[in-house]
Amino acid sequence: MKKLSARRRHPLAAVVVLLLALAATGGLYAAFAPASKAQADETAQSLAIDEGKKLYSVGCASCHGTGGQGTTDGPQLVGVGSAAVDFQVGTGRMPAQQPGAQVPKKKVIYTQAEIDQLAAYVASLGAGPIVPTKSQVSPEGADVAKGGDLFRTNCAQCHNFTGEGGALTKGKYAPSLEGVDPKHIYEAMQTGPQSMPSFPDSTMPEQQKKDIIAYIKTVNSSESASPGGLSLGGLGPVSEGLFGWIFGLGALIAVAIWVAAHTAKAKKS
Amino acid sequence: MSTATDTKRKAPAGEKVADWADGRLGIYSLAKANMRKIFPDHWSFMLGEICLYSFIIIILTGVYLTLFFHPSMNEVVYHGPYEPMQGIRMSEAYASTLDISFDVRGGLLVRQIHHWAALIFLAGMFVHMMRVFFTGAFRKPREINWLFGFLLFVLGMFTGFTGYSLPDDLLSGTGVRFTQGAILAMPVIGTYISMFLFGGEFPGGDFVARFYSIHILLLPGIMLGLLVGHLILVFYHKHTQFAGPGRTNKNVVGMPLLPVYMAKAGGFFFLVFGVIAVIAGIASINPIWAIGPYRPDQVSTGAQPDWYMGFAEGLIRVMPGWEINLWGHTLVLGVLIPLTLFGVILGAIAVYPFIESWVTGDKREHHILDRPRNAPTRTAFGVAWITVYFIGLVGGGNDLWATHFHLSLNAISWFVRIFFFAGPVIAFVVTKRICLGLQRRDKEKVLHGRESGLIKRLPHGEFVEVHEPLAPAQLHTLTAHEQYKPVEIGPLVDENGVKRKVSVVQKLRAKLSKGYYGENNQIAKPTAEEYKEITSGHGHH
Amino acid sequence: MSSQEIPEENLPAEQDAAHGAVEGAGDPFADPGLPAHKPRIQDIDERAANRSERAVAFMFTLSMLATVGFIASYVIFPVDKIVYIFPFGHVSALNFSLGLTLGVALFAIGAGAVHWARTLMSDVEVADDRHAIAAEPEVKAKVLADFAAGAEESAFGRRKLIRNTMFGALALVPLAGVVLLRDLGPLPEKKLRSTLWAKGKQLINMNTMEPLRPEDVVVGSLTFAMPEGLEEDAHDFQVQIAKAALMIIRIEPDNIKDKREREWAHEGIVAFSKICTHVGCPISLYEQQTHHVLCPCHQSTFDLSDGARVIFGPAGHALPQLRIGVNSEGNLEALGDFEEPVGPAFWERG
């Protein structure tokens, strides 16, 4: 590993990596791609990689290095896979704006087509988790209750019971999962962005990720029911206590002021 | 007794019933003293009623909940109507709480009324206690009632905590786990108490049933007794009142119980219940279905207790992790110190009345309330106490403050650590300054009148604002408060030149007394002479 | 009406003169007495009073209607009906309607009663005299005499044997109640010192319930494990998992700073207790970049790359590490129990 990283700045390193990656992608591709469409897809894929490379050298290379080898400003991207790119760029976290405890979610500046091209390029640098398909993240065939149990074991400790988010150390935080694209949730579990650990298929199989996504979408979406009324942010006793003080006790004190006040006199004194 | 009159006229049915009751209970004598009992009007005097009524609401709804709740930790697999819990393993307590929320019509409403009323009960007691504190209503003869109220507050906290733990959900279970960890930290007896309370190792299968009997019987029973005592004493002492024309230490001015306060206080019960019912209809509280059943290996971020335990939670959170290991034993200071502080800080407010009465040496009855500004040291102490309390609360929610204000969790913990010590000192000094400033303003107002806002130009061109003299009633109200002189130890050597023994306690008392009432610690109130001099001297402006 | 003639007996202010700390009554401006009562508009205008009456009656009627509405809601809305109501969100129709109708039914009664009291009942302020609480000296003397007589007649002070044995009996009898509490639970013994982990027990992935293999655990991932043989439906599952829950991560061996941690790991796979050493919350907010793990309850922070030592917060000692290896089937297994008690510290922990 050390030897490798020492030589990663060799002029030919990028080329070697690229070749290796291309070979790997090609190999993987040959293995997975449906045979009949192989020809057409291959050209499309290499076109996408070319386009992605152009986008990459403009938008990403300054921090991640021209070949994704990483610099002091940004981690190595070889082997992070297309899922990581789709997540980071697709949620607007990348390109990062300023250094801080954590790179926040922002407005997405690339189109999905561009993101796909970037992803294809980065995936070509080294094999890694790939962007999930629609059926992998759809709620169909998912067990919401099982997802809830898995969520409480694996996710709630950082993201709260229903995915409202929570604090980590030194200004870092686990973001709210409200309104997050299922695809991005899946990718985050696969790749472990920033502080988040990854939950690879080897320890959390695909079906379980699907269950978890289905649970999040059941309890934390704009359609989610809050039978008791205002959910108060789903944050638990702190927001309930604030509401109780301000609106509960506040209203009662307002009423008490009315009860105890002297009735208006006929003539002003 | 008065058979002669009875035979002469036909008594109405109500009177007959009353006669019957009087012959057995003596109700006429009781009513003679109490039916037209006078209650003064002030909104802050109704804070206690908020507590009383929310307590009644809690009992009513609590009884209803017991009809459906199963205080059992037997494991069941859920097959009820709530989809995201299908097939999940949970305790019967949790399952029956889900049933109350989703199967029993109106069960959710009653659960939410019960819980909201509990939060408001505690908040009401806190504010009520502060009202009594800042107006000095705890002074003789009401010290015992102050203690009753304080005990109600503390017991209310624990009743609330045991109730919060009953549904056996992931959030409350985490709270129970904390309790168990805190019990384990107790030197020598910790592990024994823990084993006895939980019937073995945590969580065991007993704590819900045990907390249940504590929550619905033991603690509310004691509270009911204290509450009755509290109310009897309020009746017996008669209510305090603020100074004002016609209001003296020897009377109480207001409206009679029958009919005005019967209607106002009775009506207020319905108002309180109505407000809480509406809140329970529109705002969710403790949605246990979203929280999940308790498992000791699962947890959620934002694990907080209900607000009244937040202060203790804050102390625990910001405490450094001190632990002493000696001779094969562990002293868990990281837990023991905050728990001790929790008791000490609560105790400080409880014993304050006795400290103040010792400093003043005042043994008289006090029925006229102080305005907070006229007791600067007491007010400053109270504000310092509240500051500590709320800094603790901030610490208890440090993770949520961090995420919602984009701050570092660690920075907030450090803020709390520092301001736990600095905050009350700053609050004390600032409050005292403000009180003295307000006293000066009152003095100014008495001597020079109220600023009328009218600007007058004097013949020589000077502009002055016309000051309107106050009405006699206002003059009286602003100067009705008492001012103490600091206690003097007297000369240390008596007339024969023999050294007098002055105990440390006496010296401390003199010192405190000076801090309370010495120079610069209160503004001497205006005298009639000063007033005469100014008003007769150069006209009023 | 006013309080001008207060009887001068039993005046609280007269009770204490002994304390020099009190400055005299010192009221520079004489009390002008209760101000004269001013009538309200309802007191002088019968029409206004009638309006008030109608308002009160309206409130009471409103309450009746709301109660009818409450019953109607109870009957009409199914318990599981969810409706969208701005701004409250997707709420239970039943809970919302029951809460509002009950609230109005109650509030209107209160509002009616208070409005009645405020506008139609007399608002003349009345003064009631206070009486000193402490008894007159004669009363006190009589009580003390009675008590002395009673005490004397009982011979309580004279017959010390009776007194002492009675105190003894009263002091002892509550012990019966204390003894009865003994069976609340077992003695602690060594229960807190051991967990279900033992040499050769495989690490079961809590997601899949399958044994974990080293290749499953990649750098940067987080997995939770429990000991082989523990079933979720076992009667003591909760008690066992409360001690045995495990947090599995993988760190490049070179990045592990603590020597013992590296030795107890398997190729960088380390297993730490998931139970916080502060008060026992399941700690698992793992930041994979820094290898810090944070407790959600009280924010104790541990460095998992350095023997899980405490780097922030109230925990007093490091998370216990479980020594792991690989068995003949290639699965991860424990090489023994934890060497120290897991979870919160206690007196006998040492």
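Each reported figure results from applying straightforward, stated rules to the coordinates on display, with no laboratory input. It should be emphasised that the depicted structure is a prediction, and the values quoted were computed from it without experimental measurement. Ideal geometry is used to build each Cβ from the backbone, glycine not excepted, and the neighbour counts take in all protein chains shown.
Values computed for the structure shown
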read-out	value
3J(HN,Hα) from dihedral phi, the stretch B:153-166, Karplus parametrisation 6.51/-1.76/1.60, rounded to Hz, x for glycine, proline	4, 5, 5, x, 4, 6, 5, x, 5, 5, x, 4, 7, 5
Cut-off under 5 Å, modelled amide H: who pairs with A:Tyr173 long-range	A:Leu168
Whole-angstrom gap from the stretch B:419-443 to the stretch C:96-152, using each part's C-alpha centre	35
Ascending count of other beta-carbon atoms within 10 Å, so fewest first, for A:Arg93, C:Arg159, B:Arg210, C:Arg349	C:Arg159, B:Arg210, A:Arg93, C:Arg349
For B:Asn251, residues with placed amide H under 5 Å, excluding near neighbours	C:Arg130
Cα-based reach from C:Lys81 at 20 Å (exclusive), listing lysines while leaving out same-chain residues under 8 positions away	A:Lys217
Per-residue mean of C-beta atoms belonging to partner chains within 10 Å, peptide C:63-76	1
Dipole of the stretch C:41-119, positive end: most advanced residue of C:Ala55, C:Phe107, C:Ile71 [Cβ charges, Cα centre]	C:Ile71
Per-residue ³J(HN,Hα) for the stretch B:251-260, Karplus 6.51 cos²θ - 1.76 cosθ + 1.60, θ = phi - 60°, Hz, x for Gly and Pro	9, 9, 10, x, 10, x, 4, 9, x, 5
Label point distance in nm, A:Asp50-C:Ala36, each placed 7 Å from Cα along Cα→Cβ	10.4
FRET efficiency, A:His262 to A:Ala23 (Cβ-Cβ, R0 60 Å, nearest 0.05)	0.10
Shielding score for C:173-186, defined as the mean number of other chain Cβ atoms within 10 Å	2
In order through the stretch B:56-67: 3J(HN,Hα) via Karplus (6.51 cos²θ - 1.76 cosθ + 1.60), integer Hz, x for Gly, Pro	4, 4, 4, 5, 4, 5, x, 4, 4, 5, 5, 5
For A:Leu230, residues with placed amide H under 5 Å, excluding near neighbours	B:Ala283, B:Ser284
C:Ile76, C:Ile269 arranged by Cβ crowding within 10 Å, fewest neighbours leading	C:Ile76, C:Ile269
B:Arg9 versus C:Leu230: modelled label distance in nm, points set 7 Å from Cα along the beta carbon direction	8.2
Assigned charges on the beta-carbon of Lys, Arg, Asp, Glu; the stretch C:41-119 dipole about Cα centre (debye)	120
The stretch C:100-142 - charge dipole about Cα centre, Lys and Arg +1 at Cβ, Asp and Glu -1, debye rounded to 20	200
Relative contact order (%) - chain C, alpha-carbon pairs under 8 angstrom, separation at least six	12
Coil-residue chymotrypsin sites (Phe, Trp or Tyr not before Pro) of the stretch B:371-476, DSSP, other Cβ within 10 Å capped at 11	B:Phe405
Chain B - mean residue ellipticity at 222 nm from DSSP helices (-39,500 (n - 2.57) per run, n ≥ 4, rounded to 500)	-19500 deg cm²/dmol
FRET efficiency, 1/(1 + (r/R0)^6) with R0 25 Å, evaluated for B:Leu25 and C:Ser122 via beta carbons	0.30
Cβ-based exposure ranking for B:Cys435, B:Cys51, A:Cys63, C:Cys295, in which fewest neighbours within 10 Å come first	A:Cys63, B:Cys435, B:Cys51, C:Cys295
R0 of 45 Å, Cβ-Cβ distance C:Glu329-C:Leu180: FRET efficiency to nearest 0.05	0.30
Burial ranking of peptide ranges C:91-101, A:104-114 (average Cβ count within 10 Å, highest at the top)	C:91-101, A:104-114
Spin-label pair A:Ser221/C:Phe58, simplified geometry with 7 Å Cα→Cβ offset, distance in nm	4.6
